[in-house]
């Protein structure tokens with residue numbers, strides 16, 4: 001499928017998701033939300049994809065919600081936001097629960113809801129000049145895009161709430177210390193480093209990754225006994241895969257396993 005806000009490129013087992021509106025700062029608007037949902041469905045459905053690398057064109061990764069569109073729709077804005085978030089949130093949930101892991105190569109500004117989208121990724125690498133800006137409280141809004149969960153999972157609840165309520169701007173070093181990103185990489189090495197990580201994951205046990213991703217997605221909202229049962233069921237499923245069989249045999253033969261995502 002073709003999209004106006006983003007593009008999907010397939011390179012073997014790796015899929016690249018590229019945000020493609022640099023002149024507008026890759027905003028989150030109605031088109032972005034609906035297309036992100038469609039892309040999440042597409043990526044989660046294609047069993048040949050074993051990892052996803054997310055990048056963005058332009059100087060800013062994303063300035064977040066397109067506030068300019070709010071001005072002409074102030075009287076109907078609550079309904080418009082419900083429509084946008086219906087698509088965006090469905091896409092985020094689908095992306096966070098699919099088997100292929102997600103890597104983000106981050107640069108420039110990442111503001112508003114895009115921070116919530118990005119925080120849901122498994123590995124986030126950023127260049128030194130990257131900044132996160134909360135944005136919401138500055139216009140008397142509260143947060144969306146799953147950020148109450150994804151930021152909390154990465155930063156802890158108190159730190160995430162402070163970031164949102166104080167309308168903070170975090171530089172890359174502060175974001176790294178808070179757990180919001182995983183690595184800081186020189187700008188001229190960012191693309192290659194992020195792709196190296198994504199390709200390593202694409203060569204891994206994809207179905208096991210999916211079980212791991214879903215277990216961590218539920219870890220904060222389930223009672224202990226329920227979460228442990230989810231772990232037991234997931235482990236049982238993973239142990240029956242072809243990759244798990246290969247992993248055990250390779251271990252016994254003292255060789256590196258060759259996983260096929262099956």
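Computed from the coordinates by the stated procedures, all read-outs in this text should not be read as laboratory data. In this text the structure is predicted, and so the values were computed from the model without any measurement. For neighbour counting, all protein chains shown are included, and Cβ atoms are generated from backbone atoms with ideal geometry for every residue, glycine included.
Annotations
- Residues listed by number, the range 37-62, amide nitrogen under 16 Å from residue 10 label point at 7 Å toward C-beta: 39-53
- Three-way shape call for the range 124-262 based on the alpha-carbon gyration tensor, with the a/c threshold at 1.5: oblate
- Shape metrics for the range 206-252, restricted to C-alpha atoms - Rg then Dmax, Å: 12.1, 38
- Applying 1/(1 + (r/R0)^6) with R0 = 22 Å to the Cβ-Cβ distance of residue 1 and residue 24 gives a FRET efficiency near 0.60.
- Residue 212/residue 80 FRET efficiency (R0 45 Å; Cβ-Cβ; nearest 0.05): 0.80
- Counting only DSSP H runs of at least 4 residues, each contributing -39500 (n - 2.57), and dividing by the residue count of the chain, the helix-based mean residue ellipticity at 222 nm comes to -15500 deg cm²/dmol.
- Estimated FRET transfer efficiency when R0 is 41 angstrom, pair residue 142-residue 250 (beta carbons, to 0.05): 0.25
- Three-way shape label, the range 153-205, alpha-carbon gyration tensor, a/c 1.5: oblate
- Cα centroid separation, the range 192-219 to the range 136-158 (Å): 24 Å
- Inter-part distance where the range 34-56 and the range 74-94 are each reduced to a Cα centre, Å: 19 Å
- The residues 37, 142, when put in order of fewest to most other Cβ atoms within 10 Å, stand as 142, 37.
- Sorted on the mean count of surrounding Cβ atoms within 10 Å across their residues, most packed first, peptides 217-229, 91-103, 61-73 read 91-103, 61-73, 217-229.
- Order by protection proxy (mean Cβ within 10 Å, highest first), peptides 83-90, 53-60: 53-60, 83-90
- The C-alpha atoms of the chain define a longest principal axis, and helix 206-218 lies at about 50 degrees to it.
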